[in-house]
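Remarks on the structure that follows.
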Amino acid sequence: MPEEKTFYLETFGCQMNVHDSEKVIGALMQQGYRQVQTVEDAGLVLYNTCSIRDKAEQKVFHRLADFKKLQSQGKRFGVLGCVAQQEGARIFERAPHVSLVCGSASYRNLPHLIEELEAGTQRITGLDDRQTDETFETEFTARSNPYRGYITIIEGCDKFCAYCVVPYTRGKERSRTSDSVLREAQRMAEQGFTDIQLLGQNVNSYRDPSHRMSFAELLAAIGEVPGIRRVRFTTSHPRDFTRDIVDAMNAVPAVCNHVHLPVQSGASSTLKRMLREYTRDQYLERIAWMKASPREISLTTDVIVGFPGETDAEFEETISLLDEVGYDGVFSFKYSPRPNTPALNLPDSIPDEVKAQRLAILQERQRQIQAARNRRHLGENIEVMVEGYNSVRGQWIGRSAQNKTVNFVAAGAAPVPGGYYEVRITATFPNSLAGELQNTSWVPEQTFTAPPTLRVLQ
Ligand code: 5AD
Ligand code: SF4
């Protein structure tokens, strides 16, 4: 009997990485591999890695070191993703037990690389650089949630913000045709998916290679696919965020009223050093389009504190921007110098204590803003899609179109995961809402067997 081929995969990083892992799992299953839940059980151990900040990168090397002792059992180790692309063959020096290094822009070569590993090659790399025009398409994607799924519309990034490693790890911008994206959405709808998230480093930089649709048109078209109840998109870049995206939201109810629009800083002077290509006023103009929408669009953002040269006054401008916009969520980070990036030419001048202090001030202010914003939902009826049940708290967990977590109790029959329900909000918190089930809007016809699992580490 030939030995069974098994793999274990762990994923670090962003939603793009999570979805890449779903495609990698699909590709491996098609090559006859079975996914297992522990490193010990696996013949092939894969890490899909993130290098956005130094901490994320260090985590990967710690994890690799943890499992070095298992090498003697004949396991093969592979590093995928952004650290793979960034570090390349240097990974073999730091972690000699690794046999495979495959960058995010090279996944389409993965089946071939795996075959070479099986044939006994000791060390192999797949590291396309910014030359590639191709995207990663799989016949089978092992989606880890049976109701809510990702679709990549554009890979790579051409923006070269001064702090960011992504243009070097994910290659140049390349879009899929609108036809291929729409076909995937239709197929997913037929399989029972109702909620689709369009993915790309800059979704609004989408350029249909067949010149049929703009990003806003594609968004609207997916919102109109029969069976699809919700469509979201992430991430947006303010410079390419055009008014027709808001028009698509206004026209198509399935396009969710939530936009993640990373601002990074509220000071035009810092934005200039960051090479962001917009000013505070231009950013606020886009926010004004959304505030004028009848859809009550929820806004979230990313902020970096302590970028080289950031003065107290510049930091204060970021705080005042948070007050002015009123975000429903902010992901905030201390600046971390990254290899190859233009900001390395600027001294990392802000001491870590100052970065930490600014981060704490920002997060506390944002907590207050969110508490106040969420309070406005008190007494409202909100439609949620049910994602699970928290048996400790005796509450169902749902998500609103605005992407807010809604925990709720149900007096009658138990809600069905993947179903849509109206919940009356009875309590609010900075990071979630709580309420009671009122009505059933829609429930899925099919029930699903356990989907493939995806271990994601933050
Ligand atoms: N240091 C800190 N945060 C960063 N981000 C990107 N690069 C860096 C860096 N070098 C943040 C940005 C981005 C988010 C995904 O991560 O805010 O929007
Ligand atoms: Fe995602 Fe960027 Fe991390 Fe790569 S470096 S996994 S693109 S966040």
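We did not get these values from a lab; they are worked out from the coordinates using the rules stated. Source: prediction; values computed, not measured. Cβ sites come from the backbone with ideal geometry, for glycine too, and all protein chains shown count toward neighbours.
Taking only the alpha carbons of the stretch 30-98, we obtain Rg and Dmax values of 12.3, 35 Å in that order. Its convex hull of Cα atoms gives the chain a direction-averaged projected area, equal to a quarter of the hull surface, of 22.8 nm². Long hydrophobic helices in the chain, taken as whole DSSP H segments with a C-alpha length of 15 Å or more on their own axis and mean Kyte-Doolittle hydropathy at least -0.5: 15-30, 312-325. Taking all Cα pairs closer than 8 Å and separated by 6 or more residues, the relative contact order of the chain comes to 12 percent.
Applying 0.36 nm per residue to the separation of residue 72 and residue 54 and subtracting their alpha-carbon distance, the gain on full extension is 3.5 nm.
Over the chain, DSSP H runs of length four or greater, each weighted -39,500 (n - 2.57), average out per residue to a 222 nm ellipticity of -9500 deg cm²/dmol. Shape class for the stretch 6-126, computed from the alpha carbon gyration tensor (a ≥ b ≥ c): rounded, with a/c under 1.5.
Order these peptides, 118-126, 414-422, by their mean beta-carbon neighbour count within 10 angstrom, highest first.
Per-residue Cβ counts within 10 Å, averaged per peptide and sorted highest first, yield 414-422, 118-126.
Relative to the current alpha-carbon distance between residue 3 and residue 363, full extension at 0.36 nm per residue lengthens the span by 124.4 nm. How long is the gain from residue 346 to residue 431 if the chain were fully straight, where each residue apart is worth 0.36 nm and the alpha carbon distance is subtracted? Going from the current span to full extension adds 27.0 nm.
Dipole magnitude for the stretch 140-375: computed about the Cα centre from +1 point charges on Lys and Arg Cβ and -1 point charges on Asp and Glu Cβ, it is near 580 debye. Counted over all Cα-Cα pairs of the stretch 307-379, pairs farther apart than 13 Å make up 70 percent.
Dipole size of the chain about its Cα centre, with +1 on Lys/Arg Cβ and -1 on Asp/Glu Cβ: approximately 540 debye, rounded to the nearest 20.
With a simple spin-label model that places each label point 7 Å from the Cα along the Cα-to-Cβ direction, the separation between residue 158 and residue 411 comes to 5.8 nm.
Taking only the C-alpha atoms of the stretch 140-375, the Rg (one decimal) and the largest Cα-Cα distance, Dmax (whole number), read 18.6, 54 Å.
Relative contact order, percent, of the stretch 381-442 when contacts are C-alpha pairs under 8 Å separated by at least 6 residues?
Relative contact order for the stretch 381-442 comes out at 33 percent.
When each of 82, 256, 14 is scored by the number of other beta-carbon atoms lying within 10 Å, the sequence from fewest to most is 14, 256, 82.
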